[in-house]
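**Student:** Got a structure for you, written out below as structure tokens; questions coming shortly.
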Ligand code: HEM
């Protein structure tokens, strides 16, 4: 077994553990954070079913962003939908036999890579060109955009410029999941793509990308607007009342 294979195998185990444990821990903290006030953004639903529908529209269409800024919505939504298509296309590297619907996604995944880069370019341009946004932009905002753009660019480079041995790559990842390591192809672009992906997995739980699971815990979206019907007691305040 080559040193390269061992290094990447360990890198991916560490990255997967960091991603799962980090996101799990963050969600646990979010779930236990008290919501002391009723603060749903109006117009807000008055039933749990309405909240579920609101959340669905939020995560599929980015409705609140659409209402607030059409340009950011266009670039942001394009990027996220394209990312989803790309990730679904990638499922073929991790499943055997490949599910039929993953086969159907394949042609769209390639166009999605370009759409993903276009979306990222628009979001990045805004951080550089719009004064007010540049003022509140931190280095980590640039880092996340750079990381995602570099992953997409190296992926496209593999597709069109420097092909890799996809069969061997798939054997490597299926082997990783079965704890039966197989050799990893030593193509530089593939190694760059994978190192960037593993880096993204490691930084994810410490980054702004946590907004993905975080939106479900946002009180302004997940609360029912029923403050006039029921007294709202946050978890900790209910305990204080009981303890008195
Ligand atoms: C361990 C995980 C991953 C592996 C094994 C992997 C592997 C690959 C391979 C082999 C290609 C070339 C496909 C071809 O020649 O047909 C590719 C392309 C690509 N990858 Fe990845 N990748 C991974 C994760 C990711 C992630 C997380 C992203 C996005 C954040 C991403 C974005 C892309 C893009 C945009 C392309 C070009 C379009 C395409 O062929 O789908 N990859 N990837």
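**Student:** So what are the range 69-151's ellipsoid semi-axes, whole angstrom, largest first, if each one is the square root of 5 times an eigenvalue of the alpha-carbon gyration tensor? All intermediate terms of the calculation are to be shown ahead of the outcome.
**Tutor:** Working: eigenvalues 186, 34, 13 Å².
Square roots of five times the eigenvalues give 30, 13, 8 Å.
**Student:** Using only the alpha-carbon atoms, how far is helix 3-32 inclined from the longest principal axis of the chain? Give it as 0 to 90 degrees, nearest 10.
**Tutor:** 10 degrees
**Student:** Tell me the Kirkwood hydrodynamic radius of the range 93-227 in angstroms, computed as one over the mean inverse distance between distinct C-alpha pairs.
**Tutor:** Across the range 93-227, the inverse of the average 1/r is 17.8 Å.
**Student:** Pick from 107, 43, 188: which is most flexible by mean-square fluctuation in a GNM of the chain where alpha carbon atoms under 10 Å apart are linked?
**Tutor:** Most flexible of the set in this elastic network: 43.
**Student:** Using the beta-carbon distance between residue 128 and residue 207 and R0 = 25 Å, what value does 1/(1 + (r/R0)^6) give for FRET efficiency, to the nearest 0.05?
**Tutor:** Values: r = 20 Å, r/R0 = 0.79.
Result of the calculation: an efficiency of 0.80.
**Student:** So, one more: Between 0 and 90 degrees, rounded to the nearest ten: what's the tilt of helix 139-160 against the longest Cα principal axis of the chain?
**Tutor:** Approximately 40 degrees, to the nearest ten.
**Student:** On to the next question. Give the Cα extents of the range 19-91 along the principal axes, in whole Å, largest first.
**Tutor:** Extents along the principal axes, in whole Å: 40, 35, 22.
**Student:** Measure out, as a whole number of angstrom, how far apart the alpha-carbon centroids of the range 14-34 and the range 88-137 sit.
**Tutor:** Going from one Cα centre to the other spans 24 Å.
**Student:** Do you know the relative contact order of the chain, to the nearest whole percent, from alpha carbon pairs under 8 angstrom that are 6+ apart? Intermediate values should be presented prior to the final figure.
**Tutor:** Numbers: 217 pairs, mean separation 91.2, N = 244.
Dividing the mean separation by the residue count of the chain yields 37 percent.
**Student:** In deg cm²/dmol and to the nearest 500, what is the mean residue ellipticity at 222 nm of the chain if only DSSP H runs of at least 4 residues count, each as -39500 (n - 2.57), divided by the residue total?
**Tutor:** The helix-only estimate for the chain comes to -23000 deg cm²/dmol at 222 nm.
**Student:** Kirkwood-based Rg over Rh for the chain (C-alpha set), two decimals?
**Tutor:** On the way: Rg = 21.5 Å, Rh = 20.8 Å.
Result: Rg/Rh = 1.03.
**Student:** Kirkwood hydrodynamic radius for the range 108-163: how many Å is it when counted over pairs of different Cα atoms? Could you put the intermediate results ahead of the total?
**Tutor:** Details: mean 1/r = 0.0820 Å⁻¹.
Result for the range 108-163, one decimal place: 12.2 Å.
**Student:** Rank 193, 80, 232 by mean-square fluctuation in a GNM of the chain with C-alpha springs under 10 angstrom and give only the top-ranked residue.
**Tutor:** Ranking 193, 80, 232 by mean-square fluctuation puts 232 first.
**Student:** Tell me the angle of helix 70-90 to the major Cα principal axis of the chain, expressed in degrees between 0 and 90 and rounded to the nearest ten.
**Tutor:** That works out to roughly 50 degrees.
Read the figures in this text as sums done on the coordinates, not as results from a lab. These numbers were taken from a predicted model, which means no experiment stands behind them. Counting neighbours? That spans all protein chains shown, and the Cβs are built from the backbone with ideal geometry, glycine included.
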